[in-house]
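Have a look at the structure below, then the notes.
A short reminder: the numbers here are calculations on the coordinates, not readings from a lab. Bear in mind that the values here come from a model prediction, so they are computed numbers and not experimental data. Cβ coordinates were reconstructed from backbone atoms using ideal geometry, including for glycine residues, and neighbour counts include every protein chain displayed.
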Amino acid sequence: MKAIKIKDDVYFVGAFDWNLRNFHGLDVETGTTYGAYLILDEKVTLIDTVKVGFEQELLQRISSVIDPKKIDIIIANHGEPDHSGSVKIMHELVPNAKIYASVNGEKSLKGIFGDLPITAVKNGETLNIGKRTLTFYHTQMVHWPDNMVTYSSEDKILFSNDVFGQHMAPSKLFDSFYPKEQVLYQAKKYYVNIVSPYNKMAKKALEALAGLDIELIATAHGVVFKDYIPDVKALYASLVNNEKQNKAVVVYDSMWGSTKVMAKAIAEAFMEKGILVYLYNVNETDQSVIFTEVVDAKYLAVGSPTFNNGILPSIAGFLTYIKGLIPQDMKTISFGSYGWGGQSPELIAKELAGLNLEPLVPPIRQYFTTHQKDADNIKLTIKTALDQII
Ligand code: FEO
């Protein structure tokens, strides 16, 4: 395996995890990368490493351009083990190489590895490595307290670590080898499922990076951005500003089909009002995919039949998942059928209210089977409520 040149004396030396399908709970359709980069300057500099298990790939790629023992500097932009996992291995191989991390990065790396000599750098601090001067910008909470990015003004490269990342394994590293929609969808899915709870801090971090002259964004996951830089920046601006689409997402589970009929009636009501609809049986689609549509929707409907005086575990799991991601500014609908009891719509409504989301209509309950006239009533209820706000 060889290093992949991205600019003169700057190489991708990371690893492709082709078969990864689940990244700590997130659905990953096409694998990912652990992007590490090597700069050949007077001081040979490694920016980030790879997940443990991929260190041979890292070492082989480095060895294709230089003896890894010649590395002088290791920069750990982030403590999460997909990037810092091999820092200790590299330290053991090159004990004299100096390791740099953010102030919080020093803490997390020592928490992960025990005693490791780390030089903590402040936000805006610079490091001369020969012809180049690197600048470190802290990007706290995008998405850990320790995140930072490294900028080379001579190369006009931002080594962005998780920022602008996408879970893809691109054998051709540069963005334009792939359809823009595919890359931006993966960037959105990545951001919304790990960073969106910290939108305000992400906004601050991005504002701090806005003035940089950037030709390449060398991410730690997925493509290297070159041609799509304005597009991915626009995507992030839209996400940090919580911009909404005229869209409804209907998520449900069903025991005997009645809650499913309710879900379809709700979806039809939105469709008849000209609103884009996504309808998901929660068992058929990964929550990270569903949330990628939920995050910028104006409306969210969640339905479960009553089950043991509560809601189905599948929908309870979905509510738990989105609770951590703090969706904002959407009108909600809670619904579900029941044979006796009938608590589920109220319980869902309570959960959604706990997220500070306002209901579009009171909880909708359906006794046993949703007949055509019931579906028509549900549609009318939703359409009437929509008429009052649009
Ligand atoms: Fe890709 Fe937060 O690690």
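List the relative contact order of the chain as a percent without decimals, with contacts defined as Cα pairs under 8 Å and 6+ residues apart. It would help to have the intermediate numbers written out before the result.
Details: 849 pairs, mean separation 43.5, N = 390.
It comes to 11 percent, rounded to a whole number.
Hey, how many Å between the Cα centroid of the range 245-278 and the Cα centroid of the range 40-114?
49
In nm, give the distance between the simple-model label positions of Lys70 and Asn96, each being 7 Å from the Cα along the Cα-to-Cβ direction.
Placing both labels 7 Å beyond Cα along the Cβ direction yields 1.4 nm.
Of the DSSP beta bridges with both residues in the range 285-377, give the percent that are antiparallel, rounding to the nearest 5.
Around 15 percent of the beta bridges assigned by DSSP in the range 285-377 are antiparallel ones.
List the aspartates and glutamates whose Cα lies under 18 Å from the Cα of Lys331, skipping any in the same chain that are fewer than 8 positions away.
Counting by Cα, and skipping residues close in sequence, Lys331 has these aspartates and glutamates nearby: Glu243, Glu268, Glu272, Glu293, Asp296, Glu346, Glu351, Glu358, Asp387.
For the chain, build the charge dipole from Cβ charges (+1 Lys, Arg; -1 Asp, Glu) around the Cα centre, then report which of Ile315, Phe177, Val224 sits farthest towards its positive end.
So the residue furthest toward the plus end is Ile315.
How far, in degrees from 0 to 90, does helix 258-272 lean away from the longest principal axis of the Cα atoms of the chain, to the nearest 10?
80
Once both axes come from the Cα atoms, what is the angle between helix 372-389 and the longest principal axis of the chain, in degrees from 0 to 90, rounded to 10?
60
Structure shown: which of Lys172/Lys298; Lys7/Lys204; Lys131/Lys188; Lys5/Lys323 lie over 32 Å apart, alpha-carbon to alpha-carbon?
Lys172/Lys298; Lys131/Lys188; Lys5/Lys323, as the Cα separations exceed 32 Å there.
Most fluctuating residue of Phe225, Phe307, Phe335 in a GNM of the chain with Cα springs under 10 Å: which is it?
Phe307
Taking the Cα-to-Cβ direction at Gln372 and at Thr126 and moving 7 Å from each Cα, how far apart do the two end points lie in nm?
So the label points at Gln372 and Thr126 sit 7.6 nm apart.
Using a Gaussian network model of the chain whose springs link C-alpha atoms within less than 10 Å, name the residue from Val223, Val261, Val192 with the highest mean-square fluctuation.
The residue with the greatest mean-square fluctuation here is Val261.
Add -39500 (n - 2.57) for each DSSP H run of 4 or more in the chain, then divide by its residues: what number comes out at 222 nm, to the nearest 500 deg cm²/dmol?
After summing the helix terms and dividing by residue count, I get -10500 deg cm²/dmol.
Helix 180-194 against the longest principal axis of the chain: what's the angle in degrees, Cα atoms only, rounded to the nearest 10?
Approximately 80 degrees, to the nearest ten.
Is the C-alpha gyration tensor of the range 124-265 telling us rounded, prolate or oblate? Criteria: a/c under 1.5 is rounded; beyond that, a/b larger than b/c is prolate, otherwise oblate.
Because a/c hits 1.5 or more and a/b exceeds b/c, the range 124-265 counts as prolate.
Give the percent of DSSP beta bridges with both residues in the chain that are antiparallel, rounded to the nearest 5.
Here the share of antiparallel DSSP bridges comes out near 45 percent.
Please work out whether the chain counts as rounded, prolate or oblate from its C-alpha gyration tensor, where a ≥ b ≥ c are the square roots of the eigenvalues and a/c under 1.5 means rounded, while otherwise a/b larger than b/c means prolate and anything else oblate? List each step's numbers first, then the result.
Values: a/c = 2.65, a/b = 2.39, b/c = 1.11.
It comes out prolate by the Cα gyration axes.
Could you list which residues have their amide H under 5 Å from that of Ile74, counting only those 5 or more apart in sequence or on another chain, with H placed in the peptide plane?
HN-HN under 5 Å from Ile74: Leu46, Lys98, Ile99, Tyr100.
Can you pull the Rg over Rh of the range 17-127, Cα-only, Kirkwood? Write out the running numbers ahead of the final one.
Numbers: Rg = 14.1 Å, Rh = 14.5 Å.
Computed over Cα atoms, the ratio is 0.98.
Rounded to the nearest 20 debye, what is the charge dipole size of the range 62-129 about its Cα centre when +1 sits on each Lys and Arg Cβ and -1 on each Asp and Glu Cβ?
Roughly 120 debye, rounded to the nearest 20.
Using a 10 angstrom cutoff on alpha carbons, build the Gaussian network for the chain and name the most mobile of Ile66, Ile74, Ile217.
Ile66
Given a cut-off of under 8 Å on Cα pairs at least six residues apart, what relative contact order in percent is computed for the range 325-374?
Values: 69 pairs, mean separation 23.5, N = 50.
Reported relative contact order: 47 percent.
Cross-link partners among aspartates and glutamates for Lys107, C-alpha distance below 15 Å, same-chain residues fewer than 8 apart left out?
Cα-Cα hits under 15 Å: Glu80, Asp115, Asp146.
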